[in-house]
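The values are calculated or read from the model by the stated rules, or taken from the named source; none is laboratory data. Here the structure is a predicted model, which means the values were calculated and not measured. Note that each Cβ is placed from the backbone with ideal geometry, even for glycine, and that neighbours are counted across all protein chains shown.
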Amino acid sequence: MSKNEKVSNSVIRRLPRYYRFLGEIMSEGISKISSRELAERMKVTASQIRQDLNCFGGFGQQGYGYNVAELREEIGAILGVNGDHPAVLIGAGNLGRALAVHLDYAKYGCRLCGVFDSSEQLSGMKLGALTVMPMSGLTSFCEKCRPVIAILCIPKEAASEVCEKLAALGVKAFWNFSHYDISLDNIPDVVIENVHLGDSLMALCYRINQSEKKEEEKQ
């Protein structure tokens, strides 16, 4: 489907936003939309939208615009939201428990099938339909359930070792919240998404500071 296999990371990161906005537009009962109208809603340029979608073959018709439902379905297919990728969560602390209970994995093409933690106190805790299991059972679990995604909510000092173990057990993708930028250059075909919530908060604080400076300059 893609015209260019090497789609830039910036384009990939915009696709979920297109998907989300199109879902909101569908909920309003709108069946078609122009690139200009979509751009106005998303605060981007129409040219940017057309360029991004052209990376995957292009959609819509000149003079007609985009069929909202069809475009959202196409972008969903590109993102793989209709998949059923089994995932395992490592670390049942506060963040891990929140991700286990409150995130609708099926909505994003995943299926959480196991939760593990090294703490004996947390072993046996119920998190929705799942029960926290001890790390000693991780190998047998992976051999049986074959998770392809691992969600890491563990201390950064443990991240590298756990990641290498999971990769050896067949895990192909890591959603990493460990405050440590994991890199597995020695293991091919492994995808890593390092998430730093603090970075996002600091970026927000930067923007607040800049706004306050502008206000001070006006006085």
- request: Would you point out which residue out of Ile33, Ile25 is aliphatic (A, V, I, L, M) and modelled with pLDDT of 95 or more?
  value: Ile25
Number of the condition not met by Gly91 [criteria: (1) small (Gly, Ala, Ser); (2) over 30 Å from Gln121 (Cα atoms); (3) in the same structural domain as Cys145 (by TED's automatic domain parsing)]: (2)
task: Return yes when Ala159 is farther than 15 Å from Ala87 by Cα, in contact with a Leu (Cβ under 8 Å, 6 or more places away or on another chain), among the small types (Gly, Ala, Ser) and not in a loop (DSSP other than H, G, I, E, B) and no when it is not.
output: yes
- prompt: So Gln51 clears everything in (1) surrounded by 13 or more Cβ atoms within 10 Å (Cβ to Cβ); (2) outside the structural domain of Ser136 (by TED's automatic domain parsing) except one condition, right? Which one?
  reply: (1)
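Name the one entry in Asp117, Asp52 that is more than 25 Å from Ser27 (Cα to Cα) and of a type in the set (Asp, Glu).
Of the residues listed, the single one that is more than 25 Å from Ser27 (Cα to Cα) and of a type in the set (Asp, Glu) is Asp117.
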task: Look at Val68 and say whether it is surrounded by 13 or more Cβ atoms within 10 Å (Cβ to Cβ), in contact with a strand residue (DSSP E or B) (Cβ under 6 Å, 6 or more places away or on another chain) and touching a residue at least 40 places away in the same chain (Cβ under 8 Å).
output: yes
query: When the range 173-219 is examined, which residues are found to be more than 20 Å from Cys142 (Cα to Cα) and assigned to a loop (DSSP other than H, G, I, E, B)?
result: Phe177, Ser178, His179, Tyr180, Asp181, Ile182, Ser183, Asp185, Asn186, Val195, His196, Gln219
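Could you check the range 15-48 and list, in sequence order, the residues that are of a type in the set (A, V, I, L, M), touching a residue at least 40 places away in the same chain (Cβ under 8 Å) and surrounded by fewer than 16 Cβ atoms within 10 Å (Cβ to Cβ)?
If the condition is that a residue be of a type in the set (A, V, I, L, M), touching a residue at least 40 places away in the same chain (Cβ under 8 Å) and surrounded by fewer than 16 Cβ atoms within 10 Å (Cβ to Cβ), then Met26 is the only one that fits.
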